[in-house]
Structure formats: C-alpha cells, structure tokens
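> Mind looking over this structure? Questions follow.
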Amino acid sequence: MTAKPPVFSTHGCRLNAYETEAMKDLAAQAGLDDAIIVNTCAVTSEAVRKARQDIRRLHRDNPHAKIIVTGCAAQTDPESFAEMAEVARVIGNTEKMQPETWAGLAGADWIGETEKVQVNDIMSVRETAGHLIDGFGTRSRAYVQVQNGCDHRCTFCIIPFGRGNSRSVPAGVVVDQITRLVDKGYNEVVLTGVDLTSWGADLPGGPRLGDLVRRILKLVPDLSRLRISSIDSIEADPALMEAIASEPRLMPHLHLSLQAGDDMILKRMKRRHLRDDAIAFCEEARRLRPDITFGADLIAGFPTETEAMFENSLKLVDDCHLTWLHVFPYSPRPGTPAAKMPPVNGLAIKERAARLRAAGSSAVTRHLEAQLGRAHPVLMEAPDLGRTPQFAEVRFATAQPVGQIVTARISGHDGSRLAA
C-alpha cells in the first residue's frame, strides 16, 4: 500500500494555524507518513469537546492512520487524550515545534515501548523560535508569529498553562521572515501571538510592540500592508499609538481583548483595565485615525454577572464603537478560579450571547452602510472576494487578480459584506 503524506486538522486560533504550517514542514522533512495530526484548542470546554469529537471522526474515516494529538488541550490535559483508544501519541506545544520530535515519530514502530505522551513542563520554556514558513491563510495575506505565552492569569483562562510564560521572537528574525514573505509576493502580513502587547518585555532593552511595528515598516519598505491581530488595549504603548496615527501601511483595524464592560466583572476576571479605560483607548485611537474600526472579544454570562452588569457589556458596543464582535458564551474550564465562582443560569448565558451577537450584527450593518459610494483599496483573497483596510469583506461582480490590491467603489452590501 502506498504511503500517504500526513493530514492535519487544526482547531482554535491563528497561532495554532501558523504552527500547523510549521509542523507540516517538520513532518515532511522527517519523512512522516500515514499519520493524522490534530492540533487542539483549550480556550473553552466546548473547544476540547470538539477536539475529541474530531479525533473519533478522523479515526472512523481513517482506521489505519496513526493519530497524533498536540496543541493546548493536549498540553493541559495530556493523559485524557492518551486514554483515547484512537490516539497513538500525544505531544506538547513545545515538542511539536522541535525537529527531533518529528524524526522520532517518523522512526517509531508505534507498537513498542515508545512513550505515548511526550509533554514537558511548558513553564520552563524561555524562548520562542521564529519558525520560518512561506506564509498561509490566502495567497495574499500571511501570518507571522512574533510572541507566544502569557504572563497574566485571567480567572477564566487556561491558555497560559497550555502556552507557558510570555516569550518574544527577536525583531531581526521577524523582519527577516516578513522580507521573505514580501519577496514571495505577499502584500499583507498579520502579526500574531498569544499576548501581542507583551512583545519585547523579555528581550534586551525591553522594546515594545510599537517599536517592532515601526521597525518592520522602516526596514521592509515594499510591504504594502501590516496588520495587528488581537491586542490588550491597556498595554498599547506610545510608539504603537504614534504608528496608528502616522503609518498608512498599518491597517486601521484593531481587535481588542475586552471580555466585559462592567468594572466588577472585569475585576473578577482579573483583567487589568476598567470600562473607562477601554472607552478612552477607543476614543484616542479614533482621534488619531478617524477611519479605524475595532473588533472585540466579549464573554457573555461570566459567573456572578447580573442583568445590570451584562447591560454594561452590551452598551460597550456603542460606547467603544465596536464593529466586529467575537462573542463567547461563558463555559467553565476546570482548574481556573472562575470555575469555582457562582455560575449564571445556562439559558441566561445563551440569551445574553444572542443579544451581544445581535448588537454586533447591527454594528456591522451600520459600518457597511457608511461605506456606500466610497472608494477603498481592497486586497483580493479570491477572484471575487477581498477585504478593505478596515477588514470588511467585499464581493466583486467580476474577477480580480488574487493577491493584488485594487481600488473599488462600494455599490451596496448584503448585511455581512460589501459589494463592488
């Protein structure tokens, strides 16, 4: 029977997707075949449930393939995955990025005494390598990991125990990778990490994320667009704010890790900002860059949340002029402090999440309406689909060159995307 190349199934965040691309290279270099690698997410209990469901489905569809499980859920609870009959190996978040791991997997007999679980203490890891890949996502947009891990301990979050403490990729390595990507034709690069605004704290001299942004734009003049993924607004440094104001190649779109809009809930979450801090940041960013749009993560039904507290979160959509919402119905993660707090009724959580999503849908409609008749430079992701600098999707009636930036006049919208 002919050996088949490994298949990858990726759950969760863009950083996981980035690391999957790096693992594909490592697995290919090692000569691994007839394997399925499931890169899991642990951000919610539902994410872990879906990972298990995916593993069982993949085994049913591919009964002879060896299933290797990695990612944050594997890191935080390796033994539970090792107990699954469908799973051949469990490897940790550090191990999955090491060539020797894949060399060992490629050479394993899978029947002998090789340890089924290869997961070490992630808290002992002190460096994050800049894994050089050719880019992924679309042929026009590439993602670059500049940071990993988190030093904060929000009461709802298990991710620091899956990713370890904050580590930064040195600026020179980042610039080199972005230069490679631009040379390969990418017009947009997105900086990714677990806690992006902590970038640089562990590097000599303690540079900040704004310093990295300005260095990239200076040293890679042919980069058309630089985009930042999710940030913690309370840690936005002066150089980053200056870049927002003065660098047209830095896209006017920020995704904010807000989580809630009520001060008591924010304190119980152990967040480092208050409601007024979020509003003040958004007002200042809009003053510096009037065309900027904001996305945000918001949790509905955090333990002890009353209806009045939830209303404060709901009003944050208007008070911060949020547009692109990621709404998470709260689900307890074993091992986190929040899991021990008095829970909100499950039906109330679902209802509040629905109201937040409805507010987000209305905000998107308002943004799309405001674009009618305007001209935007649109980065084409497919022959008939691209995105504006503010991250709105644009559908075209005629085919355009993928990967190129075209000027388009907006003629309408369907409630979720623009038409040009």
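The values are calculated or read from the model by the stated rules, or taken from the named source; none is laboratory data. All values derive from a computational prediction rather than experimental measurement. Here the Cβ positions follow ideal geometry from the backbone for every residue, glycine too, while neighbour counts run over all protein chains shown. We work out accessible area using only protein heavy atoms, side chains counted, and drop any ligands, DNA or RNA first. Shrake-Rupley method; radii C 1.70, N 1.55, O 1.52, S 1.80 Å.
> Hey, could you check segment 242-263 for residues that are surrounded by 17 or more Cβ atoms within 10 Å (Cβ to Cβ) and among the aliphatic types (A, V, I, L, M) and say which is farthest from His367 (Cα to Cα)?
Looking at the filtered set, the residue picked out is Ala243.
> Sticking with this one: Suppose we keep only residues that are closer than 13 Å to Gln75 by Cβ, in a loop (DSSP other than H, G, I, E, B) and not β-branched (Val, Ile, Thr) within segment 116-149. Which one would you say is modelled with the lowest pLDDT?
That would be Asp121.
> Ok, one more. Do we have any residue at all in segment 371-382 that's open to solvent by 40 Å² or more (accessible area, probe 1.4 Å), among the hydrophobic types (A, V, I, L, M, F, W, C) and either without any contact (Cβ under 8 Å) to a residue 12 or more places away in the chain or within 27 Å of Ala260 (Cα to Cα) (or both)?
No, the conditions are met nowhere in segment 371-382.
> Restricting attention to segment 1-26, and to residues there that are outside any helix (DSSP H, G or I) and among the hydroxyl-bearing types (Ser, Thr, Tyr), which single residue is nearest to Gln145 (Cα to Cα)?
The selected residue is Thr10.
> Can you tell me which condition Ile349 does not meet? The list is (1) under 18 Å from Leu298 (Cβ atoms); (2) among the β-branched types (Val, Ile, Thr); (3) not in a helix (DSSP H, G or I), and all the others hold.
(3)
> A further question follows. From the list Thr94, Thr76, which one is open to solvent by 10 Å² or more (accessible area, probe 1.4 Å) and within 30 Å of Val327 (Cβ to Cβ)?
Exactly one residue qualifies, and that residue is Thr76.
Residues checked against (1) modelled with pLDDT of 95 or more; (2) among the small types (Gly, Ala, Ser); (3) closer than 22 Å to Gly301 by Cα; (4) in a helix (DSSP H, G or I):
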{"site": "Ala354", "(1), (2), (3), (4)": "yes, yes, yes, yes"}
{"site": "Ser361", "(1), (2), (3), (4)": "yes, yes, yes, yes"}
{"site": "Val364", "(1), (2), (3), (4)": "yes, no, no, yes"}
{"site": "Pro389", "(1), (2), (3), (4)": "yes, no, no, no"}
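> How many residues are open to solvent by 40 Å² or more (accessible area, probe 1.4 Å) and in contact (Cβ under 8 Å) with a residue 60 or more places away in the chain if we restrict to segment 388-401?
Within segment 388-401, residues that are open to solvent by 40 Å² or more (accessible area, probe 1.4 Å) and in contact (Cβ under 8 Å) with a residue 60 or more places away in the chain number 1.
> Within segment 298-344, take every residue that is among the basic types (Lys, Arg) and either under 22 Å from the mean Cα position of the chain (by Cα) or within 13 Å of Arg268 (Cα to Cα) (or both) and give me the one that is surrounded by the fewest Cβ atoms within 10 Å (Cβ to Cβ).
My answer is Lys340.
> For segment 368-380, how many residues meet the condition of being within 23 Å of the chain's Cα centre (by Cα) and either of a type in the set (Val, Ile, Thr) or assigned to a helix (DSSP H, G or I) (or both)?
1
> Scan segment 13-27 residue by residue and report those that are within 22 Å of His326 (Cα to Cα) and of a type in the set (Gly, Ala, Ser).
Result: Ala17, single match.
> Please work out which residue is most open to solvent (accessible area, probe 1.4 Å), limiting yourself to segment 174-194 and to residues that are among the β-branched types (Val, Ile, Thr) and more than 19 Å from the chain's Cα centre (by Cα).
Filtering segment 174-194 for residues that are among the β-branched types (Val, Ile, Thr) and more than 19 Å from the chain's Cα centre (by Cα), the one most open to solvent (accessible area, probe 1.4 Å) comes out as Thr179.
> Just the residues that are among the β-branched types (Val, Ile, Thr) and either surrounded by fewer than 19 Cβ atoms within 10 Å (Cβ to Cβ) or closer than 21 Å to Tyr330 by Cα (or both), please, taken from segment 11-68.
Answer for segment 11-68, where residues must be among the β-branched types (Val, Ile, Thr) and either surrounded by fewer than 19 Cβ atoms within 10 Å (Cβ to Cβ) or closer than 21 Å to Tyr330 by Cα (or both): Thr40, Val43, Thr44, Val48.
> Would you call His273 of a type outside the set (Ser, Thr, Tyr), in a loop (DSSP other than H, G, I, E, B) and either open to solvent by less than 10 Å² (accessible area, probe 1.4 Å) or closer than 24 Å to Phe328 by Cα (or both)?
So His273 passes the test.
> Any residue at all in segment 27-42 that's at pLDDT below 90, outside any helix (DSSP H, G or I), in contact with a strand residue (DSSP E or B) (Cβ under 7 Å, 6 or more places away or on another chain) and at positive phi?
Yes, that holds for at least one residue.
> Just checking, how many residues over segment 196-227 are over 21 Å from the mean Cα position of the chain (by Cα), within 22 Å of His253 (Cα to Cα) and open to solvent by less than 40 Å² (accessible area, probe 1.4 Å)?
3
> Within the group Ala359, Ala353, which residue is touching a strand residue (DSSP E or B) at 6+ places or on another chain (Cβ under 8 Å), open to solvent by 20 Å² or more (accessible area, probe 1.4 Å), of a type outside the set (Phe, Trp, Tyr) and closer than 27 Å to Glu46 by Cα?
Ala359
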